[in-house]
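To start, the structure itself, in structure tokens.
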Amino acid sequence: MAKHSSVAMALFRKRWLTVVALLVMVSVTTAIAFIVRASLESSCDCRLYTTNQKRYNSSPESAKPIGVAVTQNPLSFMKSRLVLLVSHELSLSGGPLLLMELAFLLRGVGAEVCWITNQRPSETNNVVYSLEHKMLHRGVQVVSAKGQEAIDTALKADLVVLNTAVAGKWLDAVLKEQVPQVLPKVLWWIHEMRGHYFSLDYVKHLPYVAGAMIDSHVTAEYWKNRTQERLRIKMPKTHVVHLGNSNELMEIAEDSVAKRILREHVRESLGVRNEDILFSLINSVTRGKGQDLFLRSFYESLQIIQERKLQLPSIHAVVVGSDMTSHSKFETELRNFVISRKIQNYVHFVNKTLTVAPYLAAVDVLVQNSQGTAAGGTQEIVTNGTTGLLHPVGKEGIMPLAKNIVRLATHVERRLTMGKKGYEKVKETFLERHMEERIAGVLKDVLQKAMEHQRT
């Protein structure tokens, strides 16, 4: 969350817009920073600086929310319940990471949680291996997507959560004639907004599930309208749930020593000075996430600084989410653009990692470039001009973003003030306990519907 988002949310799957959200170690915009408890291999190994984080085992445990007295967890009613989570894939993208965060929240209150990856690669790669072992370490059972065990688990479960529209294909492929028995206890968690997801191949069972959970009001309205107009089907009862930052991330945000150490370590690894200004986009490097538009804006900002002869520390762009092992055409295009514009000394690519907290501590401005303004749910999180700056979608946003990069680089006080206000908003609305409360209400409603259906 938020996969996840301010760091909160893989949140607003919408058409692509541009957000510049200020952060003072934490800010408010996409599901990027939900899971900071373990690390995959990256160019910055920050495990040395996580001694204050909790060590987890298979037994559930609770964490004390930041600045709040310990009270009963709102999800405690899920204790001993069997929950099946079905993900379309297992990767470092927003959807699977958000579902994993839900798995850990449920394990924390003693629920029995099973996980299915519908499109699991035939050969286990490093990412799948690491994420599965992370779940096993936390007591989440990993079940094969096909076969009798998957069917038995679905039939026995108190609750089945389908994650993303694409996961709908698992129903017919595996459950077959037993689909109607499972639908009354299904919560469908939807993140997508691109047109090709509105297909009956994916969502023909959507009207018959117990409920849908969507990350923003704008996305919910979009799904309601598109399913009616395009597919002639009706959405089930739909719950809008804004996500929240994990307790572990907030612990780091509250720890000035940890932040300083992480900031210094990351900056040293990138070869930048303490006074340099870092703008970062943290997301899997894919075309829909807007890294190409961000780098174009960054280049234009350098041109503006040069033309105006502004006296500033060096500004740098940090793209976290790289994966050159996949030989992605898009990433190759990004790197070629950087070389062609001769800005290699100011652009840094960092490998995909679950440990994003060090990079949040190291940068001055977080850029969420895949959505924003009225076309997405970002406006439900970021208050434009107060906790961040919103920009137009697509190519139209390149120059406005470039100008705002310059504006934020030149106005230190404004940058810090916006970051502080963003952090205040996080603590008011986007903590883990807030997310637990919102999700608890949804799960209670779905379980109630499932029990009513069983009685009838």
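When the accessible area of region 247-429 is computed with all protein chains present and a 1.4 Å probe, what percentage of it is carbon and sulfur? Display every interim value, and only then the final one.
Numbers: 3790 of 7810 Å².
Carbon-and-sulfur percentage of accessible area, whole number: 48.
What does the charge add up to near Q306, with Lys and Arg as +1, Asp and Glu as -1, over the other residues with Cβ less than 15 Å from its Cβ? Walk me through the numbers before you get to the answer.
Numbers: positive: R308, K309, R341, K342, K403; negative: E300, E307.
With Lys, Arg at +1 and Asp, Glu at -1, the net is +3.
For region 247-429, build the convex hull from the C-alpha positions and give me its volume per residue in Å³.
Numbers: hull volume 22.6 nm³, N = 183.
Cα-based convex hull of region 247-429, divided per residue, equals 124 Å³.
In terms of modelled amide H atoms, which long-range or inter-chain residues lie less than 5 Å from the amide H of V113?
Amide H neighbours of V113: V83, Q141.
For K234, list the lysines whose Cα falls under 25 Å from its own Cα; do not include residues on the same chain fewer than 8 positions away.
Within the straight-line cut-off, K234 pairs with K14, K169, K176, K185, K204, K224, K444, K449.
Which residues does the label zone of N336 cover in region 272-300, counting backbone N under 20 Å from a point 7 Å along Cα→Cβ?
Inside the label zone: 285-300.
Give me, ordered by chain and number, the residues 5 or more places off S314 or on other chains with an amide H under 5 Å from its own placed amide H.
The answer is I277.
Please give the solvent-accessible surface of R273 in Å², to the nearest 10, using a probe radius of 1.4 Å with every protein chain present.
That residue has around 120 Å² of solvent-accessible surface.
Need one number for region 326-456: average projected area of the convex hull over its C-alpha atoms, nm². Walk me through the numbers before you get to the answer.
Details: hull surface 50.5 nm².
If I average the Cα hull's projected area over directions, I get 12.6 nm².
Hey, what do the phi angles of region 83-100 turn into as Karplus ³J(HN,Hα) couplings, whole Hz, using 6.51/-1.76/1.60 and θ = phi - 60°, x for Gly and Pro?
10, 9, 10, 10, 10, 5, 7, 10, 8, 8, 9, x, x, x, 5, 5, 5, 4
Would you mind pulling out the separation of the Cα centroids of region 109-152 and region 380-456, in Å?
First find each Cα centre; the distance between them is then 30 Å.
For region 163-305, with every protein chain kept in place, what is the accessible area per residue (1.4 Å probe, Å²)?
On the way: 5520 Å² over 143 residues.
Heavy-atom accessible area per residue stands at 39 Å².
How much length is gained if the chain between T456 and L312 is pulled fully straight, taking 0.36 nm per residue apart and subtracting their Cα-Cα distance, in nm to one decimal? Numbers along the way, then the final one.
Numbers: separation 144, 0.36 × 144 = 51.84 nm, distance 6.98 nm.
Result: 44.9 nm gained on full extension.
Between I305, V266, G244, whose Cα lies farthest towards the positive end of the dipole of region 229-332 when Lys and Arg beta carbons carry +1 and Asp and Glu beta carbons carry -1, centred on the Cα centre?
Among I305, V266, G244, the one farthest towards the positive end of the dipole of region 229-332 is G244.
Mind listing the phi-derived Karplus ³J(HN,Hα) values for region 121-129, rounded to whole Hz, using 6.51, -1.76 and 1.60 with θ = phi - 60°, and x for any glycine or proline?
Here the 3J(HN,Hα) series is x, 5, 10, 5, 8, 4, 5, 4, 4 Hz.
The values are calculated or read from the model by the stated rules, or taken from the named source; none is laboratory data. The structure presented is a predicted model; accordingly, all values stated were derived computationally and were not measured. Using ideal geometry, Cβ is built from the backbone for each residue, glycine included, and neighbour counts are taken over all protein chains shown. For the accessible areas, the whole protein counts, side chains as well, though only heavy atoms, and no ligand, DNA or RNA atoms are used. Shrake-Rupley method; radii C 1.70, N 1.55, O 1.52, S 1.80 Å.
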